[in-house]
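One structure below.
The values are calculated or read from the model by the stated rules, or taken from the named source; none is laboratory data. This is a predicted model, so every value here is computed, not measured. Don't worry about glycine lacking a Cβ; one is built from the backbone with ideal geometry, like all the others, and counts go over all protein chains shown.
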Amino acid sequence: MQTPRGSRPRSVPEHVAPTVDPGEELIRYWEGIAGELQVSVKTAQRYEKEYGLPVRRKRGSRGTVVYALRSELAAWLAAKPAEAANGSTSVDHGPPVLPIHATANRVLISF
């Protein structure tokens, strides 16, 4: 599988995650994590929030870096909830909104 730009596998530097095995493959940034899961960045972020996707954060002098360990992502994928696999959520977004198209003096409602 091709890895997205900027997300090639790297060893974990000791100053980033001293509690992680130095031989562990590291995937940095949301783009790399999303590419590993073959989903969009927004979906990867939703998986973290709703389904406990195992991502880590490290504060640095220039902000916070998001990263994940390839082995933890693989284990999460193997055991991920059925809702995440189907792409469905239990979130109620309210009633559907119909698109309205205004043309001259008429309003068209699409169904």
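K42 fulfils the conditions (1) modelled with pLDDT of 85 or more; (2) touching a strand residue (DSSP E or B) at 6+ places or on another chain (Cβ under 7 Å) except for a single criterion, (2). Do you know which residues across the range 50-73 are of a type in the set (S, T, Y) and in a strand (DSSP E or B)? Scanning the range 50-73 gives T64, Y67.
Residues are listed down the side, and each one gets a yes or a no for (1) at positive phi; (2) of a type in the set (D, E); (3) surrounded by 12 or more Cβ atoms within 10 Å (Cβ to Cβ); (4) modelled with pLDDT under 90:
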{"site": "E50", "(1), (2), (3), (4)": "no, yes, yes, no"}
{"site": "G60", "(1), (2), (3), (4)": "no, no, no, yes"}
{"site": "L69", "(1), (2), (3), (4)": "no, no, yes, no"}
{"site": "W76", "(1), (2), (3), (4)": "no, no, yes, no"}
{"site": "K80", "(1), (2), (3), (4)": "no, no, yes, yes"}
{"site": "S88", "(1), (2), (3), (4)": "no, no, no, yes"}
{"site": "G94", "(1), (2), (3), (4)": "yes, no, no, yes"}
{"site": "V107", "(1), (2), (3), (4)": "no, no, no, yes"}
{"site": "F111", "(1), (2), (3), (4)": "no, no, no, yes"}
